[in-house]
1. Where both residues lie in region 260-408, what percent of DSSP beta bridges are antiparallel, nearest 5?
2. With every protein chain kept in the model, how would you rank S247, S279 by accessible area, 1.4 Å probe, largest at the top?
3. Take the solvent-accessible surface of the protein heavy atoms, probe 1.4 Å, and return the percent of it on the chain that carbon and sulfur atoms account for.
4. Tell me, rounded to the nearest percent, the portion of alpha carbon pairs in region 169-282 spaced more than 26 Å apart.
5. Cysteines of the chain lacking any other cysteine beta carbon under 4.7 Å?
6. In Å, what Rg and Dmax follow from the Cα atoms of region 363-474?
7. Below 14 angstrom from the Cβ of V471, what's the summed charge of the other residues (Lys, Arg +1; Asp, Glu -1)?
8. Would you check the accessible area of M417, probe 1.4 Å, heavy atoms only, in square angstrom rounded to 10?
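The values are calculated or read from the model by the stated rules, or taken from the named source; none is laboratory data. Bear in mind the structure is a predicted one, so any value in this text is a computation, not a measurement. All Cβ positions, glycine included, derive from the backbone under ideal geometry; neighbour counts span all protein chains shown. These accessible areas exclude ligands, DNA and RNA; they are computed on the full protein's heavy atoms, side chains included. Shrake-Rupley method; radii C 1.70, N 1.55, O 1.52, S 1.80 Å.
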Amino acid sequence: MALLGALLLAFLVGAHAELPGCKIRITSKALELVKQEGLRFLEQELETITIPDLRGREGQFYYNISEVKVTELQLTSSELHFQPEQELVLQITNASLGLRFRRQLVYWFLYDGGYINASAEGVSIRTALQLSRDATGRIKVSNVSCQASVSRMHAAFGGTFKKVYEFLSTFIISGMRFLLNQQICPVLYHAGTVLLNSLLDTVPVRSSVDELVGIDYSLLKDPVASDSNLDMDFRGAFFPLAEENWSLTNRAVEPQLQEEERMVYVAFSEFFFDSAMESYFRAEALKLSLVGDKVPHDLDMLLRATYFGSIVLLSPAVIDSPLKLELRVLEPPRCTIKPSGSTVSVTASVTIALVPPDQPEVQLSSMIMDARLSAKMALRGKALRTQLDLRRFRIYSNQSALESLALIPLQAPLKTMLQIGVMPMLNERMWRGVQIPLPEGINFVREVVTNHAGFLTIGADLHFAKGLREVIEKNRPADTRDPWTSSAPPPSKAAA
């Protein structure tokens, strides 16, 4: 009975789970590019290591090692890979660090000082970034685990006291190696939880698309990592800015990502596009009114000829009034995605009227328009763009079949007017696109769009338009340059 209850509970939870409108998969093929950029960033971060002064005494010799700086990182072997369930792991083995420090030695009244280069060899670092969803629905580095060790160090002492330094080198080098071991992981922890999170803060979560509509890219759950990819489920829902708490129920097919050949894949369900069109519908943006000179001349003459019988019955003051043509979408358009292509179905009212100055307009006719538009999706940079093309068009009267027959001569001119006058304006606005949830400085290149039943996928490669360091410096939180904070982890887990 307990088992039955547990199964029932799991079914109910699954039935009420919110489906994603957008999915993103980052494959292992992207990691080599990410690793190259990440290692440049890591080298710059390790250069910020500050090692405390090392002071000591052996007999009558007093020594002080200060101003220790990391000058370079040389890598022999490195690997970046996914690790189930939520981790991204960087493994560095047999690396070396170039160091420079100031030496000071006092023996009775004799003094020696200067700068010297050294190297730390056999450096091994293993750090794992745990990725999760925070309370706002943003992807975050929630934890950083780290192990680091330096197996040996070497410093080429010279000068008058060379033999003395060689005698003291055992104490000096061992102390520096111990201190360096303790410094690596706190720097990496700070880089992950503070600096990389400042980069992830540039991923849009809930932002405006234009003055009417916004989009919600909240993560629905923690990212899921496998051996070969990282999958993220986003809400992917538009909303009218005037009704920020409104949301459309997602009843569309859940998009599926199976491919792994490209660096990244993005999937959008029909819900993604339906929520956009319903948001614009609720914002009362899906209407168009053409008056006077805005109505094409040939169409104006045809409409006046078609409704001549009604116009001549009007008063002389109204007969020569400007003509008005108004299109108003009656219900939210709907998107249909099939392997053969994507279409958008629109039902609108078409109202024809005369607009005499300073008088109420005089309606000549009202009809219904059904249109089907083909939609081609494209990804440019990190903006999803759509181009529409009018494919099927029909007008009819909702009053009588006889009146519908009378409207047949208007069908071709109205379709031409839509193709020439309305579609370019619509496509200009659609071509601005909507941003995909990617960090600043990263773009898509070499995109390929594939349609499926109920959703479409876009496979692409990644390109760093800006360096990781450039973006992080631009978005770095204030007062985060010192890795030794109250939230810092214990020093490196390594043998001294």
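1. Values: 43 of 43 bridges.
If we restrict to bridges inside region 260-408, about 100 percent are antiparallel.
2. Numbers: S247 85, S279 0 Å².
Descending order: S247, S279.
3. Values: 13580 of 24770 Å².
Heavy-atom surface of the chain belonging to carbon and sulfur, 1.4 Å probe: 55 percent.
4. Details: 2903 of 6441 pairs.
Percentage above 26 Å: 45.
5. Lacking a cysteine Cβ partner under 4.7 Å: C22, C335.
6. Both quantities, over Cα of region 363-474: 21.2, 70 Å.
7. Working: positive: R40, K382, K466, R469, K474, R476; negative: E37, D201, E440, E470, E473.
In short, +1.
8. Rounded to the nearest 10, that gives 10 Å².
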